[in-house]
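Read the structure below first, then the notes.
No value in this document is a laboratory result; all are computed from the given coordinates. Since the structure is predicted, the reported quantities are computational estimates derived from the model, not experimental observations. As a convention, Cβ positions derive from the backbone with ideal geometry for all residues, glycine included, and neighbour counts pool all protein chains shown.
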Amino acid sequence: MTSILEIYDIVTGTRQVVREFNGVLIEAPNWTPDGKWLVYNSGGLLYKIPPDASLEPQVINTDFITACNNDHLVSFDGSFIIISAASPEDRRSRIYTLPWEGGVPQLVTPLGPSYLHGISPDGKFLAYCADRNGNYDVYVIPTQGGEERRLTTAEGFDDGPEYSPCGEYIWFNSERTGLMQVWRMKTDGSEQTQMTFCEDFNSWFPHVSPDGKQVVLIAYHEGDVRPGDHPANRNVVLRLMPAEGGTPRTIVELFGGQGTINVHSWAPDSRRFAFVSYRLEQPTAAATQTPAQFTNAGDVGNPRLAGRHTYNPATGVYNVTGGGVNMWENTDEFYFIWRRESGNFTLSTTLNFENKEGNAHKKMGLIIRESLDANAKYADIAIHADGLTSLQYRAETGGITREVATALNGADRAVLIRRDNKIIIRAETGAVPRVDIAEIELDFPGEFYVGMFVCSHEADRLETADFSDVRFTRQ
């Protein structure tokens with residue numbers, strides 16, 4: 001995958017490429033209020049780069065936080081940064097502040113998951129999306145910490161809350177009317193007003209220009225995704241509408257979605273904004289000689305909700321949806337795409353959740369399994385929604401699952417290797433994994449099952465991940 005950091009000029013209607021990041025996933029640019037920097041996240045860290053790319057990207061020191069997600073902001077006066085990141089204690093997303101020059105993050109939201117989206121013009125309050133009762137709603141909290149206040153109560157997903165520059169409104173998106181639409185409310189939660197009425201799109205993440213006149217948003221084509229999902233790797237559009245209301249018009253068509261424009265990215269001149277588009281590399285002729293030919297798929301265990309998958313031969317992407325309470329202790333529930341094999345092998349893939357929000361423990365990965373029984377012996381490389389990358393295994397049928405956690409966070413490439421009686425995993429973010437990061441001794445005599453999996457970690461919820469560049473090699 002190539003990430004392309006771009007700038008759009010609403011006056012000339014032109015796109016300008018700032019920089020292409022080959023083999024690196026970057027997400028969610030912010031434009032600093034002095035106009036000098038674009039801030040983005042990659043591999044759990046924050047980086048800054050000048051809009052003209054005159055300097056190489058520079059890491060912003062976030063100290064003990066190494067799992068930043070794509071919800072981050074720079075304060076209106078440019079003095080501090082606000083981030084959402086998987087907290088070390090339980091890997092749930094929480095909100096922190098730190099100085100612009102970097103430093104030790106200070107916790108703002110004791111409860112998780114919390115996903116930042118807005119800061120008030122005076123810097124005193126933060127607006128965010130949070131799950132407190134099984135429903136994602138909009139909350140606000142003092143920037144220095146304190147009691148959070150819930151502003152929305154509608155069923156379904158309310159997300160993307162962002163203060164208007166005048167400080168009078170909070171814009172957000174909600175699926176309460178069926179499709180995802182853009183809404184606006186007073187900062188106390190009153191006068192919740194629908195601002196878009198699009199029947200062909202699911203509209204996400206409204207961002208108000210600094211002069212308060214325009215709103216840019218990202219939209220998915222209706223029918224391509226569920227209204228409450230905002231996945232990566234989709235054909236999406238960026239749309240512009242007047243802040244006083246009106247029909248949005250499409251200004252950019254691109255391949256992207258999650259990570260493209262999750263947070264405010266307007267330049268201080270209100271004429272330009274930054275975003276990220278993506279490009280999936282086409283397989284080379286040599287690579288197509290060894291395609292991953294999986295022979296079957298289905299649920300393992302007895303998940304309450306059945307999983308499914310699709311395969312796009314043009315792109316080589318497996319879109320895999322799975323349910324299941326967990327893959328842990330002495331029994332498992334998940335969706336599995338597999339092939340029967342014997343002997344040594346290497347299986348590799350690039351993988352991403354369509355929706356990184358939700359349960360921090362949901363997981364996707366590659367697995368070797370002695371059978372399709374729920375209590376079977378197995379080993380896997382599991383990448384969790386909060387970024388945890390681990391080798392999980394059950395050494396004997398009906399035994400307890402154990403875990404070898406790695407220091408790597410936010411991996412989007414995974415490799416599972418069998419070498420005789422050893423199972424080895426590799427992983428990396430935005431690059432080809434070349435270093436073994438964990439291994440165990442576990443033998444699988446005779447034939448076994450090997451493939452890809454998704455587990456939602458919730459009985460009543462399905463989660464979807466995309467697996468691309470899938471390669472299987474016998475050794």
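As a rough footprinting exposure proxy, the listed residues Lys48, Lys362 were ranked by other beta carbons within 10 Å of their own, and the order from fewest upward is Lys48, Lys362. Ordering Gly112, Pro99, Val404 by the projection of their Cα atoms onto the charge dipole of the chain, which places +1 on the Cβ of Lys and Arg and -1 on the Cβ of Asp and Glu, puts Val404 at the extreme positive end. Based on the alpha-carbon gyration tensor of region 287-474 and its eigenvalue square roots a ≥ b ≥ c, which shape applies: rounded if a/c is under 1.5, prolate if not and a/b is larger than b/c, or oblate? It is rounded, given that a/c, with a ≥ b ≥ c, falls under 1.5. Counting beta carbons within 10 Å around each of Tyr8, Tyr40 and listing the fewest first gives the order Tyr8, Tyr40. Per residue, the convex hull spanned by the Cα atoms of region 29-157 measures out at 108 cubic angstrom.
Name the shape class, rounded, prolate or oblate, that the alpha-carbon gyration tensor gives for the chain, where a ≥ b ≥ c are the square roots of its eigenvalues, rounded holds for a/c under 1.5, and otherwise prolate holds if a/b is larger than b/c and oblate otherwise. Judged from the Cα gyration tensor, the chain comes out prolate (a/c at least 1.5, a/b above b/c). Each other residue within a Cβ distance under 11 Å of Gly256 adds +1 if Lys or Arg and -1 if Asp or Glu, for a net charge of -1. Of all lysines in the structure, the ones whose alpha carbon falls short of 27 Å from that of Lys186, not counting any fewer than 8 places away in one chain, are Lys124, Lys213. Going Cα to Cα from Lys356, which lysines come in below 26 Å? Please leave out same-chain ones fewer than 8 positions away. Cross-link targets: Lys48. Expressed as a whole number of Å, what is the distance separating the alpha-carbon centroids of region 109-173 and region 289-353? Computed from Cα coordinates, the inter-centre distance equals 36 Å.
For the chain, a simple Cβ point-charge model (Lys and Arg +1, Asp and Glu -1, everything else neutral) yields a dipole of about 700 debye relative to the Cα centre. Footprinting exposure proxy ranking of Met195, Met180, fewest other C-beta atoms within 10 angstrom first, gives Met195, Met180.
Taking only the Cα atoms of region 169-266, the ratio Rg/Rh comes out at 0.94, with Rh defined as the Kirkwood radius. Near Phe125: Cβ cut-off under 14 Å, other residues only, Lys/Arg at +1 and Asp/Glu at -1. The net charge is -2.
Other residues whose C-beta falls under 12 angstrom from the C-beta of Ile10 contribute a net charge of +3, scoring Lys and Arg +1 and Asp and Glu -1.
Note on the chain: dipole from Cβ charges, positive end direction compared against Ile417, Leu372, Ser390; the farthest Cα belongs to Ile417.
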